[in-house]
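**Q** Have a look at the structure that comes next, please.
Each reported figure results from applying straightforward, stated rules to the coordinates on display, with no laboratory input. Note that the structure is predicted; figures quoted are calculated from it, not measured. Cβ placement follows ideal geometry from the backbone for every residue including glycine, while neighbour counts extend to all protein chains displayed.
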Amino acid sequence: MVVVFIPFKALGHLIHNFIRELGRMGCFLAESLFWMIFPPYLIARVIKQINFIGVKTISVIVLTGLFTGMVLALQTYYALVKFGAETSLGPVVALSLIRELGPVISALMVTGRAGSAVTAEIGIMRITEQIDALDAMALNPYKYLIVPNLLAGIISLPLLNAIFVVVGVLGGYGVGAGLTGISSGTYFGGIRDFIEAKDILEGIYKSLCFGLLISLISCCKGYHTGYGAEGVSKATTQAVVISSVSILICDYFLTSILVA
Amino acid sequence: MSVMIEVIDLHKSFNGHEVLRGINLKVEKGQVLALIGGSGKGKSVLLKHIMGMMKQDSGQVKVDNQDIRKPRGKALRRLKERFGIVFQGGALFDSLTAFDNVAFPLKEKTKMKSSEIRVAVLQELARVGLSGAENKYPAEISGGMRKRVALARCLVMHPEIVLFDEPTTGLDPLMGKAIHNLIRDCQKSLSFTAIIVTHEIPAIFSIVDQVAMLYEGKIIAVGTPEEIQTSKDPVVHQFISGELEGPISVK
């Protein structure tokens, strides 16, 4: 091949892989949604996965939420002081957390803690023929493994986001009160006056989308993992990287749609 | 005797490499057939086609005179429920104990009460000689015990057809013999039809009714163990005797 064409070949290969991956993910989602509709509904499996994805991530969410709120208040305070608008600290912190930081950071935390584990678990089940064993028992692997994870992701993320925001706002208040002696009435009153239902809804919509995205990518990568330990490790890394990048890209597009 | 499994002109390729090149095979009801052949030559692939877990490029697999690719929904589930498979590595759920592994299909597929499940599971574990090991996890038991648990999990649903994918691989000769005897005893008491993919030659010949040899994507010989052992076919003879010189090239 002529040397000048090599970059084009590489680019074509990249685009081809991207489209193939997108197609596979789309088919995976369609098949999962199909099996989600029809009974039997494995409620116990969904609850188990909510416990794994949601409940066990609460401590991480509380910790990150607290410090995110605190640092946000700290940064915002020094900016607001320049304009003499320190009393707006509450609404600024709350708005940032509700509309942007809450959904995004909680999603990134879930990706790191639960998404990677879901990929590794499903990947190991794949390479050790446990998924084939389910199929051999006439149990649909989508119904048994994938659907509970998707539902758990969709249910858990908005709740974790809510915890993140509440803890973040409280953390912000702690820093605000410590720095400026701002009263709780001013801080929380401002939040009540400025925050509207659509702000909260925006955060919820984002969380729902991110929940679906994380579960979908994690499950799909695990389900279609490569061979051996290396295959699972690669799938897990890809799941975390793709989920994280997708969250940030989707966040931009969701924001532009929801704000408009 | 009626034909339970029939494979007709089955073809399958992976990335342009043709693994199965027109397989024809019949297994009669209640018979045990050993499927022998070189490593990586498509024996497990054939097994997965028989089970309906892989889709062939062309050809047909019939179970009890019914094409396994035709049924959908409940009919497909009912057909699959007639099968049991013991995977090469056991494919036990590693987060569940031996008891829970065996109980798993009963919990998920039947409406049995937990007391009935307990009785059935303990009975099945006793059948495979694992009484007392019910609370152990797969990682805590030996390879032979894992194969036994896998067999118990398979038999607890009383399948009509059982497929064994190298059930004695990685086991010492004594444990291998014990597993063979266990398969024979279970087959005698439950009368299932079985296909055993194996490399255990000649040990396997004592427990099977028929032997089929897969070579270059085709079944080149089918017969009783005696017929296979006395076969004049140079490929079969070389494979059975384990000689390095002959038509089969060892790469």
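**Q** Checking the structure you have, find out if any residue of the range A:226-234 is buried (at least 20 other Cβ atoms within 10 Å of the Cβ) and within 15 Å of A:GLY115 (Cα to Cα).
**A** Taking every residue of the range A:226-234 in turn, at least one turns out to be buried (at least 20 other Cβ atoms within 10 Å of the Cβ) and within 15 Å of A:GLY115 (Cα to Cα).
**Q** Does A:VAL118 satisfy being touching a residue at least 24 places away in the same chain (Cβ under 8 Å), within 20 Å of A:GLY228 (Cβ to Cβ) and away from chain B (no Cβ under 13 Å)?
**A** Yes: the conditions hold for A:VAL118.
**Q** Separate question: Go through the range B:77-102 and count every residue that is more than 9 Å from chain A (Cβ to nearest Cβ) and either within 15 Å of the chain's Cα centre (by Cα) or part of a helix (DSSP H, G or I) (or both).
**A** 7
**Q** Also: Looking at the range B:103-205, what helices (runs of 4 or more DSSP H) fall wholly within it and have at least 3 residues that are free of Cβ contacts under 8 Å to residues at least 24 places away in the same chain? Break it down into steps so the answer makes sense when it comes.
**A** Numbers: elements: B:114-127, B:143-155, B:173-190.
By residue number, B:114-127, B:173-190.
**Q** Just for the range A:38-70: of the residues that are of a type in the set (Gly, Ala, Ser) and surrounded by fewer than 14 Cβ atoms within 10 Å (Cβ to Cβ), which one is farthest from the chain's Cα centre (by Cα)?
**A** For the range A:38-70, the residue satisfying everything is A:ALA44.
**Q** Just to be sure I understand, how many residues within the range B:39-57 are touching a His at 6+ places or on another chain (Cβ under 6 Å) and part of a helix (DSSP H, G or I)?
**A** So the answer is 0.
**Q** Sticking with this one: Being of a type in the set (A, V, I, L, M, F, W, C) and either surrounded by fewer than 18 Cβ atoms within 10 Å (Cβ to Cβ) or more than 21 Å from the chain's Cα centre (by Cα) (or both) is the filter here, so list the residues in the range A:71-92 that pass it.
**A** Within the range A:71-92, A:VAL71, A:ALA73, A:LEU74, A:ALA79, A:LEU80, A:VAL81, A:PHE83, A:ALA85, A:LEU89, A:VAL92 meet the criteria.
**Q** Name the helices (runs of 4 or more DSSP H) wholly within the range A:148-260 that hold at least 3 residues that are closer than 30 Å to A:ASP132 by Cα?
**A** A:197-223, A:228-259
**Q** How do the helices (runs of 4 or more DSSP H) wholly within the range A:1-103 filter down when requiring 3 or more residues that are β-branched (Val, Ile, Thr): which remain?
**A** Because the criterion is at least 3 residues that are β-branched (Val, Ile, Thr), the helices (runs of 4 or more DSSP H) in the range A:1-103 that meet it are A:6-37, A:43-53, A:58-83.
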